[in-house]
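Colleague: Okay, handing you the structure first.
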Amino acid sequence: MSAAAMASKGIEEHYILDGEEVVITDRLEVSCDGGGGVLGHPVEYITLEKGGEAVCKYCDRHFYHVAHPRVAEIRQKGEPFAG
Ligand SMILES: [Zn+2]
C-alpha cells in the first residue's frame, strides 16, 4: 500500500470481482502504483467523479466512488482482498 493510501482516513475497500481488482473509495482523487513490487508501475493519479468510476491505464484496476450504483453489488459479490 502506498504512503498516500495509508494516510487516507476515508473508505478504501479492495475486492476481486470476476478476476479483476476493484477498489471502492470515498475519495475523488486516488493514486495507483499497481501495488508496488514486480507488479507495480509509475504512480498514476486518477480523478473520480462523485458516483463515478475510473480504470487505471497501467494495471486495469477499477476504481468506484462509494456513491456508484454498482457498489452494493461489488460488496455482495466481490471477494475481499487486502490490497
Ligand atoms: Zn494501477
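Colleague: Give the order of L48, L28, L39, L17 when sorted by the count of other beta carbons within 10 angstrom, beginning with the fewest.
Modeller: L39, L28, L17, L48
Colleague: Sticking with this one: Name the long-range amide H neighbours of R61: under 5 Å, sequence gap of 5 or more, or other chain; modelled H, no Pro or chain starts.
Modeller: Residues meeting the criterion, in which the H sits 1.01 Å from N, are C56.
Colleague: Kindly provide the Kirkwood hydrodynamic radius of the chain in Å, to one decimal, from all pairs of distinct alpha carbon atoms.
Modeller: Radius from the Kirkwood sum: 12.7 Å.
Colleague: If the chain between E44 and K9 were fully stretched, how many nm would it gain, using 0.36 nm times the residue separation less the Cα-Cα distance?
Modeller: Answer, rounded to one decimal: 10.6 nm.
Colleague: From the square roots a ≥ b ≥ c of the eigenvalues of the alpha-carbon gyration tensor of region 12-60, which class results: rounded (a/c under 1.5), prolate (a/b over b/c), or oblate?
Modeller: Oblate, since a/c reaches 1.5 and b/c is not below a/b.
Colleague: Let me ask another. Would you kindly derive the ³J(HN,Hα) couplings of region 68-77 from the backbone phi angles with the Karplus curve 6.51 cos²θ - 1.76 cosθ + 1.60 (θ = phi - 60°), listing them in order in whole Hz, with x for Gly and Pro?
Modeller: 5, x, 8, 4, 4, 5, 5, 5, 7, 9
Colleague: Let me ask something else about it. Going by how many other beta carbons lie within 10 Å of each one, how would you line up R70, R27, fewest first?
Modeller: Least to most surrounded, the residues fall as R70, R27.
Colleague: To continue, here is another question. At most 15 other C-beta atoms within 10 Å and a DSSP loop state: those are the exposed chymotrypsin sites (Phe, Trp or Tyr not before Pro) I care about. Give me the longest piece of the chain that has none.
Modeller: Here the longest segment lacking exposed loop sites spans 1-57.
Colleague: Give me D26, D33 sorted ascending by neighbouring Cβ count inside 10 Å, so fewest comes first.
Modeller: So the ranking, lowest neighbour count to highest, is D26, D33.
Colleague: Report the charge-dipole magnitude of the chain in Debye, nearest 20, computed about the Cα centre from +1 at each Lys and Arg Cβ and -1 at each Asp and Glu Cβ.
Modeller: Computed about the Cα centre, the dipole is about 180 debye.
Every read-out reported here was derived from the displayed coordinates using simple, explicitly stated rules and does not represent laboratory data. Everything numeric here is computed off the predicted structure, so don't read it as measured data. Positions of Cβ are backbone-derived with ideal geometry, glycine not excepted, and every protein chain shown enters the neighbour counts.
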